[in-house]
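A.B. asks: Let me begin by handing over the structure; questions about it come next.
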Amino acid sequence: MSSLFIFEGTLWNPTLFIALFAGILTLLWMFNKLWNHSYNKGQQEEPFISGNAELEEMHPKAPSIYWGFFEAFKGFYSKMHEMHSNAVNDYVFWFLLTLVIILLIGVII
Amino acid sequence: MNEWVSFLSVNALWLIIVVPLMGAFLAGAASKLNKKWCFPIALFSVLFSFIFVMLLAQQVWAGGIVANTVEHVSQTTLTLPSGSVLPIRIFLLADGMSILMAFIGSLISVLAVIYSFQFIKSQETFYYPLFLVMISGMYGMVLTGDLFNLFVFLEISSISATGLVMTFNRKRSPDSAFKLITVSTIAAMMILVAIGILYSQYNALNMSFLAQAIQWTLLDKIALCLLFTGFAMKAGSVPMHFWVPDAYGDTPASVSAFFVVLSQASLYALFRICFSLFGLSINNVTVGWIIIILGVLSMFIGVMMALVQKDIKRLMAFHAISQTGYMLLGVGVGLAVLGTPAFVEFGSMAMQGSIFHMLNHSIYKGLLFLTAGAVFYAAGTRDLRELRGLGHYMPLTTIFFMVGAFAITGLPPFNGFASKLLIYESVYAFNPVLSAIALLVSILTLASFMKVFYAAFLGPKPKKKPKPIPHTMLFAMLVLSLLCVVFGLFPGIILDALIKPAVEALVSAVSYSGVFTFV
């Protein structure tokens, strides 16, 4: 099996990628030139929230952003947190359990 | 001048290990006079080691395997009370695989020490000597050709790593250090028992000699299982990974970056045991599938646990576990089809992807840990619930973080893309379900790093203006970022120059077992 991209240079061509990247940068620079630069810096570039000031509470905290995902996997995470008990006895238990399983497989086969 | 270069080239193999070790003692002694001397001593030690690695690499690429002994057998012996005479020697060996590991270690150690200059503002008298001892232990692990020395170097690196975990973050460190040393010691004891089993049967500890002598008896099987589990634990494989977030999380970022290399040195030892020591004598399919299962578990559980973390460094530590899963998966596939036509068809490519991923992982994970350190340095917290808007004040760190995040998620043109694509393609040919899991894990990795990016760098400006990041820290992150891009843009060059010789050295058990001669 030959690789799709690296060995034959068909789908992956660094020169092409750099050229594409340079092209996108040039386009961005051109758009930037076309923009209206006469706005009030520090005022109009702030997010507009119906005229209210942006409060810290409006920035949801990191643990909240995947709330739905964690809710869906609640059962899985409760088992995982149980496993990750932070107790060194459990760390050793899992190590020994793995060792026993591997020893059993190794000796039988 | 040429004579000096020639002398250093010939002795590079042991100088790589000895220089940081001597540097550690020197830094410790010099710190009694003035603690400012620690940094230059550490920097020169790692730089010289890097140069010696390059000199050794030239020899390995030119002539295959380089072997050396620190003392010649006939000159140094130990006479026991029974009258038996035993040779004392430290047998060192470098081939394509070990030189790749030494290269990774030397690169990250130089950058980690440079980063430390303005990052480590206290405990320098402990930090630099311990760091250098740990580096020396890592070099020893990857360059030794002797099983007992492998155990000794593993212990050296584990004990110094524990010291480094212990030294900082007084609140949580003793607990994390205790966990690390407990699990490390138990794993090391298992490895020592395995070495004892092999020694009792074959009266030898030299790995290339043992590779020829192993008969695959019941005791050999037990020894393999003990060695396998011990090194898998040290590599941070699920379900023996619990110490990783504690250890990585409670050390300075520069140490965490090197911990990645240290875990990979254990992974190297695991692969070396499976391929070079036991080779085709083992049941490849069974051992390969055990590695694959550990890999899939590591990938999936690592990333799922990373998603729920609130501490930026613990999150990255779980990602380190997850990425180790990719390496295990590729090498597991390679081992499962070793010696069959499928190895030529896709097994070799799976191994190339995995070994390439080891190199890439050290670079982008090192970068991500350094950016996490920069965030902590600037904002004074690692808690994602307290961080926000750092991108307003730290544009360069934000860019470096993005490069690292894109690389770890496997987006083109960054280095993670190249190695992950090799793994996806080859593993797909072996079993499409495994490849689909690997892809899913990459998507979850992206989600996890979007969360960090959103929490730390986006949002309104922080209440307290963050501290500016010193130039040495920025320099280390810049170099790693550039490497992420360069290795991603030109993966073919890296594969031909570094990865293919490493894979050939690993799978060619014949060439390894044929090295029982001293230079």
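A.B. asks: Give me a comma-separated list of calculated 3J(HN,Hα) values for region B:266-275, in order, Karplus coefficients 6.51, -1.76, 1.60 applied at θ = phi - 60°, integers in Hz, x for any Gly or Pro.
C.D. replies: My calculation for region B:266-275 gives 5, 5, 4, 4, 4, 5, 4, 5, 5, 8 Hz in order.
A.B. asks: Here's something else I'd like to know. If the cut-off is a Cα-Cα distance under 22 Å, which lysines reach B:Lys365, setting aside same-chain residues fewer than 8 apart in sequence?
C.D. replies: Within the straight-line cut-off, B:Lys365 pairs with B:Lys234, B:Lys310, B:Lys313, B:Lys420, B:Lys451.
A.B. asks: Turning to a different aspect of this structure: Amide H to amide H, which residues 5 or more places from B:Gly389 or on other chains are under 5 Å from it, using H placed in the peptide plane?
C.D. replies: Amide H neighbours of B:Gly389: B:Phe457, B:Leu458, B:Gly459.
A.B. asks: Would you grab the residues whose amide H sits under 5 Å from the one on B:Asp311? Only those 5+ places off in sequence or on another chain, please, with H modelled 1.01 Å from N.
C.D. replies: When sequence neighbours closer than 5 places are left aside, the close amide H contacts are B:Leu384.
A.B. asks: Mind listing the phi-derived Karplus ³J(HN,Hα) values for region B:37-47, rounded to whole Hz, using 6.51, -1.76 and 1.60 with θ = phi - 60°, and x for any glycine or proline?
C.D. replies: Whole-Hz 3J(HN,Hα) from phi for region B:37-47: 6, 4, 4, x, 5, 4, 5, 5, 4, 6, 5.
A.B. asks: A further question follows. Just check region B:2-513 against the gyration tensor rule for me: Cα atoms, a ≥ b ≥ c as the square roots of the eigenvalues, rounded for a/c under 1.5, and otherwise prolate or oblate depending on whether a/b exceeds b/c. Display every interim value, and only then the final one.
C.D. replies: Details: a/c = 1.67, a/b = 1.24, b/c = 1.35.
Oblate, because a/c is 1.5 or more while a/b does not exceed b/c.
A.B. asks: Let me ask something additional. Mean residue ellipticity at 222 nm from the helices of the protein assembly as shown, using -39,500 (n - 2.57) per DSSP H segment of n ≥ 4 over the full residue count, to the nearest 500 deg cm²/dmol? Each step should come with its number before you reach the end.
C.D. replies: On the way: 24 runs with 431 residues, N = 628.
Computed mean residue ellipticity for the protein assembly as shown: -23000 deg cm²/dmol.
A.B. asks: Ok, one more. Using the Cβ atoms and a cut-off under 9 Å, what net charge is assigned to the surroundings of B:Gly96, where Lys and Arg are +1 and Asp and Glu are -1?
C.D. replies: Working: positive: B:Lys500; negative: B:Asp95, B:Glu504.
Combined, the nearby Lys, Arg, Asp and Glu give -1.
A.B. asks: Go through B:Gly330, B:Ala476, B:Ser184 and say which Cα lies farthest out towards the positive end of the charge dipole of the protein assembly as shown; charges sit on Cβ, +1 for Lys and Arg, -1 for Asp and Glu.
C.D. replies: With unit charges placed on the Cβ atoms, the residue in question is B:Ala476.
A.B. asks: Still on this structure, please answer the following. Could you derive backbone 3J(HN,Hα) for region B:206-216 from the dihedral phi with the Karplus parameters 6.51, -1.76 and 1.60 (θ = phi - 60°), listing whole Hz in sequence and x where the residue is Gly or Pro?
C.D. replies: Each residue's phi maps through the Karplus curve to give 5, 5, 6, 5, 4, 4, 7, 8, 4, 9, 6 Hz.
A.B. asks: Could you tell me which of rounded, prolate or oblate describes region B:1-63, using a ≥ b ≥ c as the square roots of the eigenvalues of the alpha-carbon gyration tensor, with rounded for a/c under 1.5 and, failing that, prolate when a/b is larger than b/c and oblate otherwise?
C.D. replies: prolate
A.B. asks: While we're looking at this one, here's another question. Using alpha-carbon positions, what is the distance between the centroids of region B:203-237 and region B:360-398, in Å?
C.D. replies: Region B:203-237 and region B:360-398 have Cα centres separated by 40 Å.
A.B. asks: Counting only residues 5 or more places away or on other chains, whose amide H sits under 5 Å from the amide H of B:Gly145 once H atoms are built in the peptide plane?
C.D. replies: Under 5 Å from the amide H of B:Gly145: B:Phe91, B:Leu92, B:Leu93.
None of the figures in this text is laboratory data; all of them are computed from the coordinates on show. The model shown is predicted, which means the values in this text are computed figures rather than measured ones. Positions of Cβ are generated from backbone atoms using ideal geometry, with glycine treated the same way; all protein chains shown enter the neighbour counts.
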